[in-house]
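In what follows, a single structure is set out as C-alpha cells and then discussed.
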Amino acid sequence: DAKTTQPNSMESNEEEPVHLPCNHSTISGTDYIHWYRQLPSQGPEYVIHGLTSNVNNRMASLAIAEDRKSSTLILHRATLRDAAVYYCILTPSNTGKLIFGQGTTLQVKP
Amino acid sequence: DTGVSQNPRHKITKRGQNVTFRCDPISEHNRLYWYRQTLGQGPEFLTYFQNEAQLEKSRLLSDRFSAERPKGSFSTLEIQRTEQGDSAMYLCASSPRAERNTEAFFGQGTRLTVV
C-alpha cells in the first residue's frame with residue numbers, strides 16, 4: 001500500500017488558517033487522496049477527498065500538488081473543535097479499505 | 001438515519017472469555033468494515049463485507065476472531081478466548097458504494113478491556 005508521511009503534531013491559534021501537509025511520493029495515477037479526522041473518544045470522520053484538482057467543501061479545502069506527490073489540507077479558520085488527529089490516506093483500490101498512518105495531532109490554542 | 005451504531009460502547013471482560021460486538025451500518029450501505037485501534041495508533045483494518053459476503057480479512061485477524069454479516073445488514077465481531085492484547089477500540093464503518101472515491105462513515109466504537 002502506498003505510504004503517506006505527515007508531521008506528528010502541529011499547533012494553531014484559534015480563528016487562524018491551518019495548513020496540514022502530507023507527502024505521498026509513491027502515489028499512483030488512480031489513487032485518491034482522502035483526509036479523515038478523529039476527535040478524542042470518537043470514531044474517525046470524513047473530511048475531504050480528491051484526485052487531481054483542488055477541492056473545497058464546507059469543512060476544508062484540499063490542495064493537491066501538480067505532480068500529486070504531496071497535498072495540503074487547509075482549515076480556513078481553526079476553532080477549538082478542530083483539535084483532532086488528522087489522517088491523510090490513499091485509496092488505491094476499490095475495496096474502500098483505509099490504511100491509516102499515525103496522523104497529525106492538531107492543537108488549537110485559544 | 002442516525003449513522004453507524006455500535007453496541008456495546010464499553011466492554012470489560014476477563015481473559016479467556018468470549019465477547020461479541022454488534023454494528024448497525026447506515027441503511028442501504030452495502031460495504032461494512034471493521035477496524036481496531038490501540039492507544040496512540042491509527043485504526044488498523046481487520047475485515048470488510050460487501051452485502052453478506054466477507055471479501056477480505058487482514059492477517060491481524062487471528063483464528064480467535066470471526067465476523068459475520070447475515071442478510072447483509074448488521075454485523076457482529078466475535079473474539080473467542082480473549083487475551084489482554086485484544087484490549088482496544090473496535091470501530092465499524094460503512095459506505096454506500098464499492099468505489100475508491102467513496103467516503104466511509106464510522107461508528108463511535110466499542111472499547112474492549114480484557115482484565
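For segment A:68-82, indicate whether the set of residues that are of a type in the set (Gly, Ala, Ser) and within 19 Å of residue B:105 (Cα to Cα) is non-empty.
Looking only at segment A:68-82, we keep the residues that are of a type in the set (Gly, Ala, Ser), and these are A:70-71, A:78.
Restricting the remaining residues to those that are within 19 Å of residue B:105 (Cα to Cα) gives none.
No, there is no match, as no residue in segment A:68-82 is of a type in the set (Gly, Ala, Ser) and within 19 Å of residue B:105 (Cα to Cα).
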Can you tell me how many residues in segment B:49-71 are within 12 Å of the chain's Cα centre (by Cα) and not polar (S, T, N, Q)? 7
Among B:76, B:47, which is the only one that is modelled with pLDDT of 95 or more and surrounded by fewer than 18 Cβ atoms within 10 Å (Cβ to Cβ)? B:76
For residue A:19, all conditions in the list (1) within 9 Å of chain B (Cβ to nearest Cβ); (2) surrounded by fewer than 16 Cβ atoms within 10 Å (Cβ to Cβ); (3) within 12 Å of the chain's Cα centre (by Cα) hold save one; what is the number of the exception? (1)
Please work out if residue A:42 is without any contact (Cβ under 8 Å) to a residue 40 or more places away in the chain, within 18 Å of residue B:44 (Cβ to Cβ) and not in a strand (DSSP E or B). yes
Let me confirm something: among B:60, B:91, which residue is in contact (Cβ under 8 Å) with a residue 12 or more places away in the chain and not in a strand (DSSP E or B)? B:60
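Going by the structure shown, is residue A:27 under 30 Å from residue B:47 (Cβ atoms) and under 11 Å from the mean Cα position of the chain (by Cα)?
For residue A:27, the condition - under 30 Å from residue B:47 (Cβ atoms) and under 11 Å from the mean Cα position of the chain (by Cα) - is not met.
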Any residue at all in segment A:62-73 that's surrounded by 13 or more Cβ atoms within 10 Å (Cβ to Cβ), in contact (Cβ under 8 Å) with a residue 12 or more places away in the chain and within 13 Å of chain B (Cβ to nearest Cβ)? yes
Would you mind telling me which numbered condition in (1) within 17 Å of residue B:101 (Cα to Cα); (2) buried (at least 19 other Cβ atoms within 10 Å of the Cβ) residue A:86 fails? (1)
So residue B:33, is it of a type in the set (Phe, Trp, Tyr), facing chain A (nearest Cβ under 10 Å) and under 22 Å from residue A:101 (Cα atoms): yes
Of all residues in segment B:91-102, which are surrounded by fewer than 17 Cβ atoms within 10 Å (Cβ to Cβ), within 7 Å of another protein chain (Cβ to nearest Cβ) and of a type in the set (D, E, K, R)? B:99
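The values are calculated or read from the model by the stated rules, or taken from the named source; none is laboratory data. Treat the numbers as computed from the prediction; the structure is a model and nothing was measured. Here Cβ is always computed from backbone atoms with ideal geometry, including for glycine, and neighbour counts include all displayed protein chains.
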